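Reviewing the structure listed below.
The values are calculated or read from the model by the stated rules, or taken from the named source; none is laboratory data. The shown structure was predicted, so the numbers you read here are calculated from the model rather than taken from an experiment. Positions of Cβ are generated from backbone atoms using ideal geometry, with glycine treated the same way; all protein chains shown enter the neighbour counts. When the accessible area is computed, the model is the full protein with side chains, heavy atoms only, and any ligands, DNA or RNA have been set aside. Shrake-Rupley method; radii C 1.70, N 1.55, O 1.52, S 1.80 Å.
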Amino acid sequence: MSQLVTKAKQQLRAAIAGAIEQAVASGALSSAPAPEIALEVPADRAHGDWACNVAMAGARAYHMAPRKIAEAIQANLDLSGTRFANCEIAGPGFLNFTYCQSFYSDVLKDIAAMGKEYGQSNIGKGQRVLVEYVSANPTGPMHIGNARGGVLGDALSNLLAAAGWQVEREFYVNDAGNQVNRYGLSIEARYMQLFQPDFPFPEDGYLGEDVTGNAKAYAELHGDGLVGLDSQARRKALIAYAIPKNIQGLHDDLLRYRVEYDNWFHESTLHENGDVAGIVQQLKDKGCTYEKEGALWFKGEEFGSDDFVIVRSNGVPTYIVPDIAYHYNKLVTRNFNLAINVLGADHHGYVPRLKAAIAALGIDPDRLKVVLMQMVSLVRDGEAVKLSKRSGKAITMANLLDEVPVDAARFLFNSYEPNTRIDFDLDLAVKEDAQNPVYYVQYAHARICSILRNLKAEGIEPRACSNEELALLTTPEEIELIRLLSGFTEEIANAARVMDSARITRYVVNVSTLFHKFYNTCRVKGVDPALSAARLCLCTAAKTVIENGLAIFKVTAPESM
């Protein structure tokens, strides 16, 4: 784990705190509780590597203008033994700090030493986390929303693992309940229509071609053997045939998309083993329910949501009860420290209810985190592509991957914060130019590989450089690139904390931009051998960081394009 930046910031905070103490002791500042020492990256990096607004924050406590406070701190500041060379005051009293040259050299040595592990940390402290994503109903092929959720959940899992959590990935198969019942009615109708064309199709049935296909496939295998049975027996047989096929289709499509799970958890098991009934009984025993109009209600208002029905007047549990049982299984039976769900934005009202129910069961609701994902619109030739899953005219995830490379889909879906609506540009996704961000990043990697190949052909290969050689990297373009590379570990840690993989897509795009800027300005070949070796070391470091960043998304890092 690279701790260069973390330790540098710790040193800087300690130095600032010591300067404040000295300023108070000398009478330059009045005695008062010291404000929080917050560090942030300056908007203009020409001002330094880190900025601190402690002077502004302390104006009221010290009864002094921020600029005067900053001057008092600067006068008493001792940066010896730290990673920082100097401190300057800017504007109304910002303290701006710049790394010393040895820091930049050590960043490159750190990247070379750690290789594929560069960027990893242990902020998760080995806590067990279960990430659930996609969890599509097995009533048909996956749609574009599932395509977004699949790569968001996958990248989030990789982020958390890189930041020190022990991660398991899970698909929750909704193979019970109303959706499956409706599917049964739909496939029954399609099957019967093969023999009785006037057989009615349910008004709210599934119209997808896969329903008709499964009905025909069953008839080809078994003929008209179900026609004489009652409707319930017919549906049971057709569901038993079609749902496993559909689930296998989900497996196959996701594998093509590079999405793999540790667990496939079936909702039906919660009904079969009594967990659903057991959750209802637990809530009853805890006094968290009441009866009204023949239905059983949960006292949600006592736990932060609205009251809602958990058992209908006909004795059938509502859809949320299996979900409550499922999360009890996650957080109690399997004892994960944290459960993270990636869900569509239409679950916004459902989340408070679920959290209220698990709180009533004695579980800390903060152990459940939910990433709500906005809708996706597809755009082609500047116009929206209309979708309608129920009509059977949707562009499925499989259709998308027929048009768009997997690398592009995975990177572009992760280029937006989850709560942002996406207009996914099908034309952009296949472009091979700098407008396409995944192509832009991959091209940067391929360009570095080309540089290395060409130099190797001339007998020049990357090697370990001395501090003196690395100290030759002093141009603004070199320093700017090294500075960005130094922040990779913190960037991954912060992205994991806020569960936003888009921070890493932006980061690798920025690395690519600064690499191109560096390479277009600084010659690697045909300069002093020591400087050439140092610049080759920087090229290799940028290559490593791009590779490690793309690995978060399972996007390939090509050696040529």
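In the chain, the longest principal axis of the Cα atoms and the axis of helix 209-222 are about 50 degrees apart. Between Gln193 and Arg256, the contour length at 0.36 nm per residue exceeds the Cα-Cα span by 19.3 nm. Restricting the calculation to Cα atoms, the range 413-483 yields a radius of gyration followed by a Dmax of 18.2, 51 Å. Annotation: lysines with alpha-carbon distance below 26 angstrom to Lys68 (same-chain offsets under eight excluded): Lys9.
Helix 101-114 axis versus longest C-alpha principal axis of the chain: approximately 40°, rounded to the nearest ten. For the pair the range 256-323 and the range 441-499, the centres of their Cα atoms are 52 angstrom apart. Contact order, relative form, for the chain: 15 percent (alpha carbon pairs under 8 Å, 6 or more residues apart, mean separation divided by residue count). Mean separation of Cα pairs under 8 Å and 6 or more residues apart, divided by the residue count, gives the range 160-275 a relative contact order of 42 percent. Computed over the chain, the convex hull of the alpha-carbon atoms projects to a mean area of 33.6 nm². Considering only protein heavy atoms and a probe of 1.4 Å, how much of the accessible area of the range 201-274 is carbon and sulfur, as a whole percent? The computed percentage sits at 49. Taking amide H atoms as placed 1.01 Å from N in the peptide plane, the amide H of Ile310 lies under 5 Å from those of Leu296, Trp297, Phe298, each 5 or more residues away in sequence or on another chain.
Annotation: amide H-H contacts under 5 Å for Gln166 (H modelled 1.01 Å from N, sequence separation of 5 or more, or interchain): Gly126, Gln127, Arg128, Val129.
Per residue, the chain reaches -15500 deg cm²/dmol at 222 nm when only DSSP H runs of four or more residues are counted, each adding -39500 (n - 2.57). The separation of the range 50-67 from the range 325-349, counted between C-alpha centres, amounts to 44 Å. Taking N as the residue count of the range 132-237, its C-alpha radius of gyration divided by 2.2 N^0.38 Å amounts to 1.43.
In summary, the lysines within cross-link reach of Lys330, defined as a Cα separation below 23 angstrom excluding same-chain residues under 8 places away, comprise Lys125, Lys284, Lys286, Lys299, Lys355, Lys369. The charge dipole of the range 420-500, taken about the Cα centre with unit charges on the Cβ atoms of Lys, Arg (+1) and Asp, Glu (-1), comes to about 220 debye, rounded to the nearest 20. So what's the angle, to the nearest 10 degrees on a 0 to 90 scale, between helix 178-193 and the longest Cα principal axis of the chain? Result, in degrees: 50. Once the 1.4 Å probe is applied to the protein heavy atoms, the range 385-476 comes out at 51 Å² accessible per residue. Based on C-alpha pairs under 8 angstrom that are at least 6 apart in sequence, the range 295-371 has a relative contact order of 30 percent. Over all pairs of different C-alpha atoms, the range 108-167 has a mean inverse distance whose reciprocal, the Kirkwood radius, equals 13.5 Å. Amide H contacts of Ser377 (H built 1.01 Å from N, in plane; Pro and chain starts excluded): Ile422, Asp423, Phe424 sit under 5 Å, all sequence-distant by 5 or more or on other chains. Put +1 on the Cβ of every Lys and Arg and -1 on every Asp and Glu Cβ in the chain; which of His516, Asn335, Ile16 then has its Cα farthest towards the positive end of the dipole? Going by the charge dipole, the pick is Ile16. Please list, or write none, the lysines whose alpha carbon is within less than 30 Å of the alpha carbon of Lys386, excluding same-chain residues fewer than 8 places away. Counting by Cα, and skipping residues close in sequence, Lys386 has these lysines nearby: Lys216, Lys245, Lys431, Lys554.
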